[in-house]
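Note sheet for the following structure.
The values are calculated or read from the model by the stated rules, or taken from the named source; none is laboratory data. Here the structure is a predicted model, which means the values were calculated and not measured. Here the Cβ is made from the backbone with ideal geometry for all residues, glycine too, and neighbour counts use every protein chain on show.
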Amino acid sequence: MRAGCAGLLLTAAAMGARAGNAASVNAAGRECGGHLTAERGLLSTPNFPRPFDVPLSCRWVVDSSSQPSPVVIVVYLTQLFVSTGLTFTEYAYYEADSPSFQLEPRILHTVTEENVASLAVVSTNRSFLVVDLTMDRLEGNHLRAADGLLDVFGINVTYNMHSAVGRLPDYSCTAAKCSMLGNCFASADYS
C-alpha cells in the first residue's frame, strides 16, 4: 500500500515515540535528538518545517543492539533540507555518557552543499548509528529558504531496522528526486 510522505512520517513519529529517549535540549528548551530503540522512527528538528532556534545541537543514537536478529539500520533522507552540519557515524558499541565505551567509530556520511542531493539513504550493519546535527545559524544552510515564500528548515527523515538477510529496498524519495514540493510516496515498511 502506498502512502504520501506526510502520512508515512506521522506513522513513523508515532512508532518512534515508544523508543527510549535521552534527548538533548536546544537553546529554546525544545528537545532534539535521543536514544532510539524502536524498529522504525523519525529524526526531526524542532519546529520542522519552520525555523528553529540556533545554536542547535542534536544527537540521535539509533540502537539496534536489542533486536532479536541481525539488522541493517537504514536512514531514508526523505526531507533533508540542511546543506551543512549533519553527520552519520557508525559504532560497534556506543554508550553516550562514556567516551571510553564508544568503540570503532567510522563516519559514513557528512552532508555538504556539494552532496546534499546526491544520497537517498545512509545505512550500516553495525548496532549503533549516531546522527549529529549542529548549526550555529540558519542563513545559508538550507536548500529551500526564499524570502518566506516556500521556506523549509531542518530535517524530517525516517529510519528503519531491516533484516540483515535479503535485499534492502533500493529506492527512497528525496527532496531532489521527488520535487521540492514533497510529492513523494513510500510504502508503510519504508521500501
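For residues that are modelled with pLDDT of 85 or more and within 16 Å of the chain's Cα centre (by Cα), tally how many sit in segment 128-143.
8
For residues in segment 37-78 being more than 19 Å from Met161 (Cα to Cα) and in contact with a Pro (Cβ under 9 Å, 6 or more places away or on another chain), which is modelled with the lowest pLDDT?
Out of the qualifying residues, it is Phe52.
What number of residues within segment 83-114 are of a type in the set (A, V, I, L, M), surrounded by 12 or more Cβ atoms within 10 Å (Cβ to Cβ) and part of a strand (DSSP E or B)?
Matching residues across segment 83-114 total 3.
Restricting to segment 115-137, and then to whatever is under 24 Å from Phe52 (Cα atoms) and of a type outside the set (A, V, I, L, M), can you tell me which residue is surrounded by the most Cβ atoms within 10 Å (Cβ to Cβ)?
Applying the filter and picking the extreme gives Asp132.
Can you confirm whether Phe81 is touching a residue at least 60 places away in the same chain (Cβ under 8 Å) and more than 17 Å from Arg40 (Cα to Cα)?
For Phe81, the condition - touching a residue at least 60 places away in the same chain (Cβ under 8 Å) and more than 17 Å from Arg40 (Cα to Cα) - is met.
Would you mention how many residues in segment 69-82 are in contact with a His (Cβ under 8 Å, 6 or more places away or on another chain) and assigned to a loop (DSSP other than H, G, I, E, B)?
The number of residues fulfilling the criteria is 1.
Let me confirm something: among Val122, Val111, Val116, which residue is farther than 15 Å from His35 by Cβ, at pLDDT below 90 and among the β-branched types (Val, Ile, Thr)?
One residue alone meets the criteria, Val116.
Within segment 14-32, is there a residue that is of a type in the set (Gly, Ala, Ser), surrounded by fewer than 18 Cβ atoms within 10 Å (Cβ to Cβ), at pLDDT 85 or above and under 28 Å from Leu138 (Cα atoms)?
Within segment 14-32, not a single residue is of a type in the set (Gly, Ala, Ser), surrounded by fewer than 18 Cβ atoms within 10 Å (Cβ to Cβ), at pLDDT 85 or above and under 28 Å from Leu138 (Cα atoms).
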